[in-house]
Amino acid sequence: MGGLSVTKHVDLKIYRENLRTIKETMTPAKVMAVVKADAYGHGLEEVARAATEAGCEVLGVLDIETGLRLRNAGVETPAFAWLHSPNSDFSSAVRLGIELSAGSPAELELIAKAPGRAQVHLKIDTGLSRNGCRPELWESFVERAFELEAAGEIDVVAIWSHLSGTSKADDTNALELFESSVATAKRFGFNGYRHIASSPAAFALPESRLEMVRIGVSAFGTSPLTNVVASKLGLGIPMELTAEVISNGVISIGFLHGYFSQLAGLAQVEISSKLYTVTKIGPLASTIEHGDYEPGDVVRIFGSEIDLAPTAEELCELVDTVTDELFTGLKANLTTYSN
């Protein structure tokens, strides 16, 4: 991205504090810290270690490859992967203790064929149509899963699903279907735990917390609730993004760094405790209002609520997108961490 500085600063202490606050809110449910997409652009290995230090029992890694990356980095915390293809490395996952979702009979058989005894979360489709077993196939699917458990091929440790979040009524109906599916599984011997809520439902629908919730981008200082800022939930903002002044009116960040071009004319940046409007966003540099600053001065692109600069949430609201897209698309020259 060029030689000029665009730097992500991640305060892991704030991330750990966020997780502890969330754990307190969700108790007695446990918290799975989701670290997919390079921990939403915050750095997989560093964030996974911080989540473990904060007391999270499981890391949500999305895919086996991310779980293997953690194992290669020496992170031994239980990890859960739920997005597979027929060519996924199930053998390495089972060998290294990565727990696996099974959402179809074919997927279940592939996992069971891997050497060793896989730790499996069975997924029921509760209406979102996202990689889960269809309700009409659920009973035979569960029966087969417990045949495989009796044969020593797998352990069924959990049943899970996703909620759509489209309305409280839809989520309530999905919960009812989910509980009915769990009851069916119990007839075949299921005695594991349940998880269905990600951040929005975990905060807005307490009855969905069950034994575990999956917490992703909200732990990075993004509110999962409409019209409620993260600070009202006791959540801080771990990431600050800075650039530098190249010359009067030009700063060292552009759309190839992941700074949305649609922000031109809308966003402001902070230099030496003053705000300047961004007037044009180019590939590797952007123009701002002329002002009292010098080449090399630090430009805060976004930061915490105590800064003059906007927060990541505020930037995203300007262009009607979500912080997931901003965080995961950022391409900085440097990421620094504080503890």
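The values are calculated or read from the model by the stated rules, or taken from the named source; none is laboratory data. Predicted model, so just to flag it, every value in this text is computed and none were measured. Backbone-built Cβ (ideal geometry, glycine too); neighbour counts: all protein chains shown. In case anyone asks, the SASA skips ligands and DNA or RNA and just uses the protein heavy atoms, side chains included. Shrake-Rupley method; radii C 1.70, N 1.55, O 1.52, S 1.80 Å.
Using a cut-off of 14 Å between alpha-carbon atoms, which aspartates and glutamates can reach residue 13, once sequence neighbours fewer than 8 places away in the same chain are excluded?
Within the straight-line cut-off, residue 13 pairs with 46, 53, 240.
What residue among 197, 150, 181 has its Cα farthest toward the positive end of the dipole of the stretch 150-238, where the charges are +1 on Lys, Arg and -1 on Asp, Glu, each on the Cβ?
Looking along the dipole axis, the top candidate is 197.
If you bin the C-alpha pair distances of the stretch 1-153 every 5 Å from 0, what whole percents do you get?
The calculated distribution, bin by bin, is 2, 9, 16, 17, 17, 15, 11, 7, 3, 2, 1, 0.
Pairs to check: 123/331; 123/168; 8/274; 23/113. Give those whose C-alpha atoms are more than 30 Å from each other in this structure.
The answer is 123/331; 23/113.
Would you mind checking which residues have amide H under 5 Å from residue 34's amide H? H placed 1.01 Å from N; only 5 or more apart, or other chain.
Correct list: 60, 215, 216.
For a quick size check, give me the Cα extents of the stretch 229-339 along its three principal axes, largest first, whole Å.
39, 25, 24 Å, listed from the longest principal axis down.
Which residue fluctuates the most in the chain, going by a Gaussian network model with Cα springs under 10 Å, if the choices are 200, 28, 310?
Comparing 200, 28, 310 in the GNM, the peak value goes to 28.
Provide the per-residue ³J(HN,Hα) series for the stretch 217-225, in order, calculated from phi with Karplus coefficients 6.51, -1.76, 1.60 and θ = phi - 60°, each as a whole number of Hz, with x at glycine and proline positions.
3J(HN,Hα) across the stretch 217-225, in whole Hz: 5, 5, 5, 9, x, 10, 6, x, 10.
Taking Cα atoms, how many degrees apart are the long axis of helix 44-53 and the longest axis of the chain, rounded to 10 and kept between 0 and 90?
Around 70 degrees separate the two axes.
Using the Karplus curve 6.51 cos²θ - 1.76 cosθ + 1.60 with θ = phi - 60°, what ³J(HN,Hα) values do you get for each residue of the stretch 58-65, in whole Hz, with x for Gly and Pro?
For the stretch 58-65, the Karplus-derived couplings read 9, 10, x, 10, 6, 10, 4, 4 Hz, x marking Gly and Pro.
Pop out the ³J(HN,Hα) list for the stretch 71-76 in order, Karplus 6.51 cos²θ - 1.76 cosθ + 1.60 with θ = phi - 60°, rounded to Hz; leave Gly and Pro as x.
For the stretch 71-76, the Karplus curve yields 4, 5, 8, x, 8, 9 Hz.
Using alpha carbons only, how many degrees (0 to 90, rounded to 10) separate the axis of helix 12-26 from the longest principal axis of the chain?
Computed tilt is about 40 degrees.
Jot down the per residue volume, in cubic angstrom and as a whole number, of the convex hull over the alpha-carbon atoms of the stretch 1-77.
Hull volume normalised by residue count: 103 Å³.
Please check: in the Gaussian network model of the chain (C-alpha springs, under 10 Å), which one of 197, 285, 312 has the largest mean-square fluctuation.
285
For the stretch 177-225, which chymotrypsin sites (Phe, Trp or Tyr not before Pro) pass both filters: DSSP loop (anything but H, G, I, E, B) and at most 13 other C-beta atoms within 10 Å?
none
Just the accessible area per residue of the stretch 212-251, please: how many Å² with a 1.4 Å probe?
32
What's the angle, to the nearest 10 degrees (0 to 90), between helix 168-187's Cα axis and the longest principal axis of the chain?
So the inclination is approximately 40 degrees.
Let me know the volume per residue of the alpha-carbon convex hull for the stretch 112-265, in Å³.
That works out to 187 Å³ per residue.
Given 20 Å bins starting at zero, what is the percent of C-alpha pairs of the chain in each, up to the one with the largest pair distance?
With a bin width of 20 Å, the distribution comes to 30, 50, 18, 2.
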